[in-house]
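Nothing in this text is a laboratory measurement; each read-out follows from the coordinates by a stated rule. In this text, all values refer to a predicted model and were calculated from it rather than measured experimentally. Note that we place each Cβ from the backbone using ideal geometry, even for glycine, and neighbour counts take in every protein chain shown.
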Amino acid sequence: KNIEILIIDDCGHDNSMAIVEDFVNRHQNKSIRIIHHSKNLGLSNARNTGIKESDGDYLYFLDSDDFIASNCIESFVQILEKY
């Protein structure tokens, strides 16, 4: 329930942001924010933007070519809070 999703638009040359914007518009989820860069700044800068803009206690980076299991974040938070 307490999850914040930041999507950093780093001005790629594919249609991934159109897909993301369509998804966000269809779901009207207030916990998803899209942050647009004015030009491509690279992975490190995209991550730094996410760090600066985040409000949460924990960060998880998910890149466009990554896979995430459906219980991944929940499992990480449980382990972090336990230890």
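Brief remarks on what is shown
- For the chain, the longest principal axis of the Cα atoms and the long axis of helix 43-53 meet at an angle of about 60 degrees.
- Inverse of mean 1/r across different Cα pairs in region 4-46, Kirkwood, Å: 11.0 Å
- For the chain, calculated [θ]222 nm from helices alone, where every DSSP H run of n ≥ 4 adds -39500 (n - 2.57): -12500 deg cm²/dmol
- Counting only Cβ charges, +1 for Lys and Arg and -1 for Asp and Glu, the dipole size of the chain around its Cα centre is about 220 debye.
- Highest-fluctuation residue, SER38, SER16, SER64 considered, GNM on the chain with Cα pairs under 10 Å: SER64
- For region 58-67, 3J(HN,Hα) per residue [Karplus equation, 6.51 cos²θ - 1.76 cosθ + 1.60, θ = phi - 60°, Hz, x = Gly/Pro]: 10, 10, 9, 8, 10, 8, 4, 9, 8, 10
- For ILE35, distant residues with modelled amide H under 5 Å away: ILE7, ILE8, ASP9
- Mean separation of Cα pairs under 8 Å and 6 or more residues apart, divided by the residue count, gives the chain a relative contact order of 36 percent.
- Convex hull volume per residue for the chain, taking Cα atoms only, in Å³: 117 Å³
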